[in-house]
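First the structure, in the form of structure tokens, and then the observations on it.
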Amino acid sequence: MRFVLASASPARLSTLRRAGVDPEVIVSGVDEDVVVADGPAELSTELARLKCRAVAVDHPDALVLGCDSVLEFDGQILGKPHEPEVARRRWYAMRGNVGVLHTGHCLRLGDEEVVRHAATRVHFAYVTDEEIDAYVASGEPLQVAGAFTIDGLGAAFVTRIEGDHHNVVGVSVPVVREMMRDLGQEWTSLWR
């Protein structure tokens, strides 16, 4: 069975590889910035669905996984900041506070599709202005949801999580396993 990850995220790919799976990567090309939804859970699942379907249309014989993550913080949905000043402002607000990382998952095989959402509470350290400046200057927070990673330089700035660690990286392996079962497939069949 071909397993395709419809995501350019190196963190998602690395997580799946550490879980014993070597997906083929095909980037969807979906413009995330134009998609709107009523809330963070809905936005993350809609983006995951769009990414999955964009790739699955040309690969109906493959098991295609699309994922997307957003951070819910202080009543706002925070995607990728792209600009250093945006990332810096976010970190000034997030330090010492708590956000919820939402990841939407869409798994498709042929005409069958399963969509799920996972949420994890993230507690941020009270980082100094100098730490924020250094982190933003590294470039890491510019292209990731919520302007932080838990599997890179940003790991030192996350004091605690409540929920699935992998979800914060961008793909919940337990959720994908459950979704595969809903499609009549076994997770272990993907192990290399």
Of GLU113, GLU130, GLU178, the only residue that is over 21 Å from ARG2 (Cβ atoms), out of contact with any helix residue (DSSP H, G or I) (no Cβ under 7 Å at 6 or more places or on another chain) and open to solvent by 20 Å² or more (accessible area, probe 1.4 Å) is GLU130
Output the qualifying pairs, or none if there are none: Cβ atoms under 7 angstrom, residues six or more apart or on different chains, first residue in segment 57-80 and assigned to a strand (DSSP E or B), second residue surrounded by 21 or more Cβ atoms within 10 Å (Cβ to Cβ) and basic (Lys, Arg). VAL64/ARG108; GLY66/LYS51; CYS67/ARG12; ASP68/LYS51; LEU78/ARG90
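Residue-by-condition table, conditions (1) under 16 Å from VAL100 (Cβ atoms); (2) loosely packed, with under 14 Cβ neighbours inside 10 Å:
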position	(1), (2)
VAL122	yes, no
SER138	no, yes
PRO141	no, no
PRO174	no, yes
Considering LEU43, LEU16, LEU47, which residue is of a type in the set (A, V, I, L, M, F, W, C), touching a residue at least 24 places away in the same chain (Cβ under 8 Å), touching a Pro at 6+ places or on another chain (Cβ under 8 Å) and surrounded by 16 or more Cβ atoms within 10 Å (Cβ to Cβ)? LEU16
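Yes or no, residue by residue, for (1) modelled with pLDDT of 95 or more; (2) over 17 Å from ALA48 (Cβ atoms):
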residue	(1), (2)
LEU109	yes, no
ALA119	yes, no
ALA125	yes, yes
ALA134	yes, yes
PHE148	yes, yes
THR159	yes, yes
VAL176	yes, no
ARG192	no, yes
With respect to VAL86, is the statement that it is of a type in the set (Val, Ile, Thr), out of contact with any Asp or Glu (no Cβ under 6 Å at 6 or more places or on another chain), without any contact (Cβ under 8 Å) to a residue 12 or more places away in the chain and surrounded by fewer than 22 Cβ atoms within 10 Å (Cβ to Cβ) true? no
Positions within segment 153-188 being touching a residue at least 40 places away in the same chain (Cβ under 8 Å) and part of a loop (DSSP other than H, G, I, E, B), in sequence order: GLY163, ASP164, GLY170, VAL171, SER172, LEU183, GLN185
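The values are calculated or read from the model by the stated rules, or taken from the named source; none is laboratory data. Just so it is clear, the structure is predicted and the values come from calculations on it, not from any experiment. Backbone-built Cβ (ideal geometry, glycine too); neighbour counts: all protein chains shown. Accessible surface is based on the protein model in full, side chains and every heavy atom, while ligands, DNA and RNA are left aside. Shrake-Rupley method; radii C 1.70, N 1.55, O 1.52, S 1.80 Å.
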